[in-house]
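**Q** Just passing along the structure, written as structure tokens.
What follows is calculated from the coordinates using simple rules that are stated; it is not laboratory data. Predicted model only: the values in this text are computed from it and were never measured. Cβ atoms come from the backbone with ideal geometry, glycine included; neighbour counts cover every protein chain shown.
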Amino acid sequence: MCSSFVVWIFNLTARLPLGALHRLGSALGWATYFMSGTYARRMRENLGFAMAGRTEKDFREVLNASIAEAGKGVAELPWLWRRPLAEVAASVKTCHDWEHVEAARARGKGVIFLTPHLGCFEISATYAAQWFPITVLYRPPKLAWLEPVMRSGRERGQLRLARTDVSGVRLLYKALKRGEAIGLLPDQVPGKGEGEWADFFGRPAYTMTLVGRLAESSGAAVIMAYVERLPKGAGYAIHFAPLELAPGLPVVRQINAALEKIVRACPAQYLWSYNRYKIPAGIEPSAKQETGSA
């Protein structure tokens, strides 16, 4: 019942132009910021670590923009999930450095796309799935009735989903073995035994080790990808950059360093409200956290 109602609401909302949804999303972002003290505090704290040493004016400009961008990320979901697939893919107006993707695929060992919580990360795999099969790791929503709505919106064309469990990880390995592409959110906090502590903007963040295991076992190329929202609902710009993992250095540190570089390029569209620095259940805090240092 809930699922059917949400689909109806999504179908109705998806009729609106993307620009109108982004304007509504901006208002939603500010409403959430003012109504939730926890949400607002986390956003300020996370952004504060990333902008250490910057002026208060710079901090406020990025904070204000990111509040609106976070709301846009919610408001655009009906449009992304319910509009025709060809129209959604065509909303990516600019593609930067696609040649890295072509070079990676030519190797024949699969491609690992790492897409952080930045901009319209929802559309990155949809765009790639125009050209080749891609399996994307996802965490099921806490509201069980929402999952079929989400899956129907995402699993279109050549895009398939894999849950964040043992069966899902097996699907990722199998996709790479076939020489296909997979996608992960590298800044999604993993569960116990699935990560290591590594600094992210100078603060310990529990970071998934799965990327390193997948790359080592398959020989797949690793590519960073992020999608930037264009102003006034004009669409999106997608960016690709290869990540060459250096042997002998912790993979989690290399990933977080690459993420920092991307976030600095587009700080206003990073999801600063995400609880990136939480301590998962059953995980010992890092030495920095125990001493209270940053």
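**Q** When the Cα centres of segment 37-62 and segment 209-282 are compared, how far apart do they sit, in Å?
**A** 20 Å
**Q** Which length gain, in nm to one decimal place, applies between Asp165 and Thr38 when the Cα-Cα distance is subtracted from 0.36 nm times their residue separation?
**A** Full-extension gain reported as 42.8 nm.
**Q** In nm, what is the difference between 0.36 nm times the number of residues separating Thr94 and Gln289 and their Cα-Cα distance?
**A** Result for the pair: 66.1 nm of gain on full extension.
**Q** Oh, and also: Separation between the Ala86 and Ser217 pseudo-spin-labels, each 7 Å from Cα along Cα→Cβ, expressed in nm?
**A** Computed distance between label sites Ala86 and Ser217 equals 3.9 nm.
**Q** Hey, another quick one. In nanometres, what is the gap between the two model label sites at Glu61 and Lys109, each 7 Å from Cα along Cα-to-Cβ?
**A** In this crude spin-label approximation the distance works out to 4.3 nm.
**Q** Assuming a ≥ b ≥ c are the square roots of the Cα gyration tensor eigenvalues, decide whether segment 90-211 counts as rounded (a/c under 1.5), prolate (otherwise, with a/b larger than b/c) or oblate.
**A** rounded
**Q** While we're here: In Å and whole numbers, how far do the C-alpha atoms of segment 174-273 stretch along each principal axis, longest first?
**A** 43, 35, 24
**Q** Something else about it: Along segment 189-206, what does the Karplus equation 6.51 cos²θ - 1.76 cosθ + 1.60 (θ = phi - 60°) give for ³J(HN,Hα), rounded to whole Hz, x for Gly and Pro?
**A** In residue order, the calculated couplings are 5, x, x, 4, x, 10, x, 9, 6, 8, 5, 10, 6, x, 10, x, 10, 6 Hz.
**Q** In addition: Looking at this model, which pairs from Lys109/Lys261; Lys72/Lys261; Lys57/Lys288; Lys192/Lys278; Lys72/Lys278 are more than 18 angstrom apart at the alpha-carbon?
**A** Violating the 18 Å limit, Cα to Cα: Lys109/Lys261; Lys72/Lys261; Lys57/Lys288; Lys72/Lys278.
**Q** Also, I was wondering about something else. For semi-axes √(5λ) of the Cα gyration tensor in Å, one of (1) 27, 26, 19; (2) 30, 28, 16; (3) 39, 20, 17 was computed from the structure I shared and the rest are decoys. Which label?
**A** (1)
**Q** Would you kindly derive the ³J(HN,Hα) couplings of segment 106-121 from the backbone phi angles with the Karplus curve 6.51 cos²θ - 1.76 cosθ + 1.60 (θ = phi - 60°), listing them in order in whole Hz, with x for Gly and Pro?
**A** Values per residue, Gly and Pro as x: 5, 5, x, 10, x, 9, 9, 8, 10, 10, x, 6, 9, x, 8, 5 Hz.
**Q** Leu230's amide H: which non-local residues (gap 5+, or another chain) put their own amide H closer than 5 Å, with H modeled 1.01 Å from N in plane and none for Pro or chain starts?
**A** So Leu230 has HN proximity to Gly235, Tyr236, Ala237.
**Q** For the pair Lys177 and Ser152, how long in nm is the line joining their label points, each one 7 Å along Cα→Cβ?
**A** Placing both labels 7 Å beyond Cα along the Cβ direction yields 3.3 nm.
**Q** Apply the Karplus parameterisation 6.51 cos²θ - 1.76 cosθ + 1.60, with θ equal to phi minus 60°, to every residue of segment 89-104 and state each ³J(HN,Hα) to the nearest whole Hz, in sequence, with x for glycine and proline.
**A** Each residue of segment 89-104 in turn: 4, 6, 6, 7, 7, 9, 10, 9, 6, 4, 4, 5, 5, 4, 5, 5 Hz.
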